[in-house]
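Contents: one structure, followed by commentary.
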Ligand code: ATP
Ligand code: MG
């Protein structure tokens, strides 16, 4: 008789269990799990980590598991640790954080200094604009984008295939010069975090074999979003004895615009011969009606593998489609819905529950919390309306992945000071802050310094104590500067020196080979990187308050350099806010030790967090989550409201073909986050690009059969479609007519719209309740189908 399985394996379904227990044999040593949303892919990975340690006696340190967001990496670690505490010693990271970890230890093989800093997109653009002198910013951005894509595809400047990214010769030469400059500075960009490790592993067989010896098991979650460079990294890390397990869902591939290659998953069995494939076909997350709605949409895609997925949870509430007049109403609809549900469940737990239950049978009587709710939108900018409304109604919320914090000028200044401190060759950082606030170091002085001295300025700082020494140091750095510029540089150096002195160990004590953080999850503390929660610390007294650890260094740099004062006096109102932001940065730093290593970790954590638009501030507290659709990957919420489900917003107007299919997958990802309740909001009007525009419901909504939705609010003309008709039902498909049935409208009619001005009727359709017209406006903006009752300010 077989021994009973441990509880944590017992609760899996047979396919999941097979996947967990699969460890390969002499013929197969890799596993591909291909399965739809909510089928337990992530659960299989976390359980497998625990299983391998616990039952198979594997050293946790020999397990590497990678995923795409910091949040997901943390969750993976938490889930695995809950089953087996030793899982905390396994290496669970994002691809980029793994790359940074790798380069910190082996970067010298690619001539990287140990204190390299990771450049974000903005820094890339700054560096490129010094290369592409005089080029318009838009042009520089295109170049930066092309370079980033090239790295995603593992293409170097001399690669013949680079033409596929951008065939201009200028692109090739600029890319090459960019690489030279970056190497001279000694920093890396995001693409390098993956590309450089691959190069190092290829050029240094002894390093490769060390890694292959170490990681016996490699697992990848969300594999559908891996790009070519990441695939190459995986290949270099795996030797003949490595066991690889990747999990993914082709229907959830939403990063092709960033170079993700779904063929990675399709071709996996070819690239890794001896791959077993396991499919998981039961969804444990969502009720049947939610799953049905999500599937109906993604079923319209052509390029897909097609997978079975049935709901284990069975019947539930139909998704609600709410038609709302405009985005203000949308925000208050959401606020109302959420506060009613939360308050309703509150009072339920108190006395009147008895009567309540009788009067409102349909309402869920289970405890509903703010954190059960998530508001999803296509673009970051859409969060603002909800924020305003929620603040007004005192609904607690957090914005996930709001990039705004790190984009703020004062924060970028402070980070530049810190970056320069760890890497005194960081030209981009130097340029940003050497003359801020203004101290007479003009552009030509900066050019001179960076060209002549190669700006390894910090070497000059050793042993300096008096201002006189500083002046001498700055003279050595660039002998032929004006006296004014030189004393300006001296002031800057003094500030950097002050920051450096706040660190306990100096540069030389930092050893990249120290192995004490070998293990574990992403970076150090997780919950306090600022930028998302709205509770700001209020400053007591004057100036910045230094707290523990690294915050001393941040505060000293900000004050000595004068940027704190500079931003405070900038203007009365914004100034205080800016100082508050700097304080928030300092608060976050207080979680890190005041050492060079602590500083590097702090910067790295911020860089990586920011890049993946992922943030955990406020996690664990009872708050509504405001989040972009892209960021919801892998997450789940009891109740989800997908907002702005309008043509032109989601999908965006310019999407067609493959891009439209990608938007559809994004819809699928969003809808499958919901466990119990799903809402779609579609507005009749929306303020976009500074004007109010009439909107049509998203074509995706037409792909869900009407019986599968509960519609509230007034459906716009043309949306109401009797069941059984053309299932695509898109506006363009109805027969062309030249005159409306009521005789009022004819193609070619001149119209006037209050917001859009003059235009001409280009197309007419019959909706269920009346005609709809499409108008070409003279401004060049083409409005989609306008139902005429919608706009009182629309005249013939
Ligand atoms: P996604 O594609 O969205 O990343 P996934 O396939 O990774 O989804 P999980 O997040 O692992 O799915 O699981 C979805 C939900 O179903 C989780 O709440 C998980 O705990 C639950 N679940 C998975 N398997 C089972 C099971 N066998 N029994 C009960 N619940 C399960
Ligand atoms: Mg998952």
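The values are calculated or read from the model by the stated rules, or taken from the named source; none is laboratory data. Just so it is clear, the structure is predicted and the values come from calculations on it, not from any experiment. Cβ atoms come from the backbone with ideal geometry, glycine included; neighbour counts cover every protein chain shown.
With in contact (Cβ under 8 Å) with a residue 12 or more places away in the chain, buried (at least 17 other Cβ atoms within 10 Å of the Cβ) and under 21 Å from residue 100 (Cβ atoms) as the only criterion, which of 147, 165, 244 stands out?
Step by step, each of 147, 165, 244 is checked, and only 147 is in contact (Cβ under 8 Å) with a residue 12 or more places away in the chain, buried (at least 17 other Cβ atoms within 10 Å of the Cβ) and under 21 Å from residue 100 (Cβ atoms).
(1) closer than 24 Å to residue 69 by Cβ; (2) modelled with pLDDT of 95 or more; (3) away from ligand 2 (no atom under 16 Å from the Cβ): which one isn't true of residue 199, the others all being true?
(1)
If a residue must be under 23 Å from residue 662 (Cβ atoms) and within 16 Å of ligand 1 (Cβ to nearest atom), how many such residues does the stretch 218-261 contain?
Residues that pass the stated criteria total 18.
Could you grab me the full set of residues in the stretch 217-228 that are modelled with pLDDT under 95 and away from ligand 2 (no atom under 16 Å from the Cβ)?
227, 228
Quick one: would you say residue 274 is surrounded by fewer than 22 Cβ atoms within 10 Å (Cβ to Cβ), modelled with pLDDT under 95 and at positive phi?
Spelling it out, residue 274 is indeed surrounded by fewer than 22 Cβ atoms within 10 Å (Cβ to Cβ), modelled with pLDDT under 95 and at positive phi.
Please work out if residue 704 is surrounded by 16 or more Cβ atoms within 10 Å (Cβ to Cβ), in contact with a helix residue (DSSP H, G or I) (Cβ under 8 Å, 6 or more places away or on another chain), at pLDDT 65 or above and closer than 27 Å to residue 319 by Cα.
yes
Regarding residue 201, is this residue over 30 Å from residue 298 (Cβ atoms) and either within 16 Å of ligand 1 (Cβ to nearest atom) or touching a strand residue (DSSP E or B) at 6+ places or on another chain (Cβ under 9 Å) (or both)?
So residue 201 fails the test.
Being away from ligand 1 (no atom under 16 Å from the Cβ), buried (at least 19 other Cβ atoms within 10 Å of the Cβ) and either in a helix (DSSP H, G or I) or at positive phi (or both): is that true of residue 207 here?
no
Take the residues in the stretch 313-337 that are surrounded by 17 or more Cβ atoms within 10 Å (Cβ to Cβ) and within 16 Å of ligand 1 (Cβ to nearest atom); name whichever of them is farthest from residue 677 (Cα to Cα).
313
Give the residue that is farthest from residue 58 (Cα to Cα), with candidates limited to residues of the stretch 240-267 that are modelled with pLDDT of 90 or more and either assigned to a helix (DSSP H, G or I) or away from ligand 2 (no atom under 16 Å from the Cβ) (or both).
251
Condition check ((1) part of a loop (DSSP other than H, G, I, E, B); (2) out of contact with any strand residue (DSSP E or B) (no Cβ under 8 Å at 6 or more places or on another chain); (3) under 15 Å from residue 651 (Cα atoms)) across all residues:
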site: 670; (1), (2), (3): no, no, yes
site: 675; (1), (2), (3): no, no, no
site: 678; (1), (2), (3): no, no, no
site: 682; (1), (2), (3): no, no, yes
site: 687; (1), (2), (3): no, no, no
site: 692; (1), (2), (3): no, no, no
site: 701; (1), (2), (3): no, no, yes
site: 707; (1), (2), (3): no, yes, no
